[in-house]
There are 2 protein chains.
Amino acid sequence: MITALAGGVGAARMLGGLLAEVPADRITAVVNTGDDLVLHGLHISPDLDTVMYTLAGAINPDTGWGLAGESWRVMESLRRLGGVTWFNLGDQDLATHCYRTQRLAEGASLTEVTAELYAAFGVGIRALPVTDRPLRTRLRLLDGPEVAFQEYFVHLHHDVPVSAVRFEVGPDTGPGPAVLDALADGELVVVCPSNPVVSIGPILAVPGVPEALAARRPDIVAVSPIVAGAALKGPADRLLAELGFEPSVVGVARWYAPWVGTLVIDRADAGLAAAVEAEGVRCVVTDTVMATPERAAGLARAVLGARG
Amino acid sequence: MITALAGGVGAARMLGGLLAEVPADRITAVVNTGDDLVLHGLHISPDLDTVMYTLAGAINPDTGWGLAGESWRVMESLRRLGGVTWFNLGDQDLATHCYRTQRLAEGASLTEVTAELYAAFGVGIRALPVTDRPLRTRLRLLDGPEVAFQEYFVHLHHDVPVSAVRFEVGPDTGPGPAVLDALADGELVVVCPSNPVVSIGPILAVPGVPEALAARRPDIVAVSPIVAGAALKGPADRLLAELGFEPSVVGVARWYAPWVGTLVIDRADAGLAAAVEAEGVRCVVTDTVMATPERAAGLARAVLGARG
């Protein structure tokens, strides 16, 4: 059994690579839900959906989110009505959110609904929302208010400076029903190349998860989402810098050191391997940029063989 | 000022007729919200929307509900996912529900959102939800459970027998902010040819409304939705019978007598005019079947001149 901690696009590609190497029924992804939002009354789970659409081969390859061949009838009408349209929702994608919202209203848990949706999309891995309870990533803008993650990421195009990040949990927020078992039972726990702060961070904010991960440290292999001092996609590098971390593989190693045994970095950062190891984290150097499915599978092979 | 009590299709046509005779800014419609439902997390107000789409000239003329030229991308995808699809929602129509739901979540009242939507659709009359608070029509099936109105009307195709109707209101349910003034100020109060039980009934279930109507009895003119012992559309006749009312203009007169001064009936029922008046309600006979906009305008003229 392989268990992976997953955010959105980078995690989806990494999981695609693992699927080329490991049978689907041996892979469990524990997925970030800190990005989730309710908009138009619809419960939207961006990371769960990006992983699902990608593994179903249905993702829009141009954007990395949403569905290929999507239409935008609802959004076009909503724009004419003067509604909220900064979070773009395609018509087919909306059906996913309608399904999820209705099932939640009927009393199903997010874990149950996720299993139903993945089955409907023909995705064979098991995806577990890290929690079925509220978990919300909130960012304090520099000299500004605190905003929800998607407000920052999509509405503000993540191009405003941030001074702090906070993960809002409720008093009853705990890991989803199978999460701790997945973390305990995975032969290997893979930390996908997702944003350490806003994708992996919320997973660690769920009470019980950090302890479960710390107990597996030797078997945890993380892939750095930072290559040559920059994030491949999204705001990881700038966010890390704004929050006082060094936007490099060394910064990632320092951030992950309490619970990650091995960090996989790109050949472009080979010169920093010693500095990574100086943080107390084993370092494996390989090609980490998943430009093609073949390269994603190659990275997966490296990760599967990376444990100390 | 003309104030109308309105349900769905029949009311929409009657209001279209009134609009041909009276400036839009002199017409207020108090609209039933007992049919409202939350599905997929979306707040759907079928009667408010049927009136809006009809008066905007955007209604689907074949069905009498939904928008003309509609597409069904979301529903098609939702069907593939195994979601709830018995309540068919077109893509453009969904935008209306997304807009309403988001604005309600932002704290706007249903009255405010309705004004925004009617303005966006270019509809000049003032439409007032009878209440901004919960109001739900529930039907007890014969030898069966109690179900929500749309469950009966759409999911069960209103072809199951009903033993009772109930209008669920909350402890804080009262008329919308402008409703009582509209009932007091209307020179004439028109009861559109809507289902007396399930369209006009919920309006009467809002505390304060029956008293306000009773005070205006001489100025209230109702149009019978029953013609020649049958409803023109929907389950009015059978429902009336199942609930112990006579499915005829006489039954309508008896039901409305406490607060309606004048009942307008179709020429097909001219022979029952005396029986209507025996219920203590003035009777006016005219053509009431609004097969064309011209006939709707003709009916409106008759209604405007019908007071005693």
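The values are calculated or read from the model by the stated rules, or taken from the named source; none is laboratory data. Fair warning: this is a prediction, and the values are worked out from it, not measured in the lab. Ideal geometry is used to build each Cβ from the backbone, glycine not excepted, and the neighbour counts take in all protein chains shown. Protein only, heavy atoms only, side chains kept; ligands, DNA and RNA dropped before computing areas. Shrake-Rupley method; radii C 1.70, N 1.55, O 1.52, S 1.80 Å.
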Just tell me how shielded A:77-87 is by partners: mean number of partner chain Cβ atoms within 10 Å of each residue's Cβ, no decimals. 6
If B:245, B:149 are ordered by their accessible area, calculated over protein heavy atoms with a 1.4 Å probe, which sequence runs from highest to lowest? B:245, B:149
What are the distances, in nm and sorted shortest first, from the label point of residue A:145 to the label points of the same position in each other copy, with each label point placed 7 Å from Cα along the Cα-to-Cβ direction? 4.1
The protein assembly as shown: antiparallel DSSP beta bridges as a percent of all, rounded to 5: 40
Express the C-alpha Rg of region A:62-213 as a ratio against the empirical globular expectation 2.2 N^0.38 Å, rounded to two decimals. 1.17
Pairwise over distinct Cα atoms, reciprocal of the mean inverse distance: report the Kirkwood radius of chain A in Å, one decimal place. 19.4
Largest-first principal axis extents, alpha carbons of region A:1-137, Å: 49, 34, 27
Residue-wise HN-Hα coupling along region A:271-288, computed from phi with Karplus coefficients 6.51, -1.76, 1.60 (Hz; x: Gly, Pro): x, 9, 4, 5, 5, 4, 5, 5, 7, x, 10, 4, 10, 10, 10, 7, 7, 10
Positions from region B:27-53 whose accessible area shrinks by 10 Å² or more when the full protein complex is built, not the chain alone, probe 1.4 Å: B:39, B:40, B:41, B:42
Between residue B:106 and the same site in the other copies, what are the distances in nm, shortest first, taking label points 7 Å from Cα along the C-beta direction? 3.2
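Once A and B are treated as a pair rather than alone, how much accessible area drops out, both sides summed, in Å² to 100, probe 1.4 Å?
On the way: alone 12380 and 12350 Å², together 22530 Å².
For chain A against chain B, roughly 2200 Å² becomes buried.
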Could you identify the residue of A sitting closest to the A-B rotation axis by Cβ and state that distance rounded to whole angstrom? A:41, 2
With springs connecting C-alpha atoms under 10 Å apart, model chain A as a Gaussian network and identify which of A:61, A:46, A:134 has the largest mean-square fluctuation. A:61
Can you list the GluC sites (Glu not before Pro) in region B:105-179 that are in a DSSP coil and have 16 or fewer other beta carbons within 10 angstrom? B:106
Cβ-vector label at 7 Å, residue A:244, separations to other copies in nm: 7.4
Taking r as the C-beta separation of residue B:155 and residue B:62 and R0 as 25 Å, the FRET efficiency to the nearest 0.05 is 0.75
Using only Cα atoms, find the angle between the long axis of helix B:46-55 and the longest principal axis of chain B, and express it within 0 to 90 degrees, rounded to the nearest 10. 80
In the P(r) worked out for region A:80-158, what percent of Cα pairs fall beyond 17 Å? 62
First measure r as the distance between the Cβ atoms of residue B:120 and residue B:140, then evaluate 1/(1 + (r/R0)^6) with R0 = 51 Å and state the FRET efficiency to the nearest 0.05. 0.85
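Pop out the Kirkwood hydrodynamic radius of the protein assembly as shown from its pairwise C-alpha distances, inverse of mean 1/r, in Å to one decimal.
27.1
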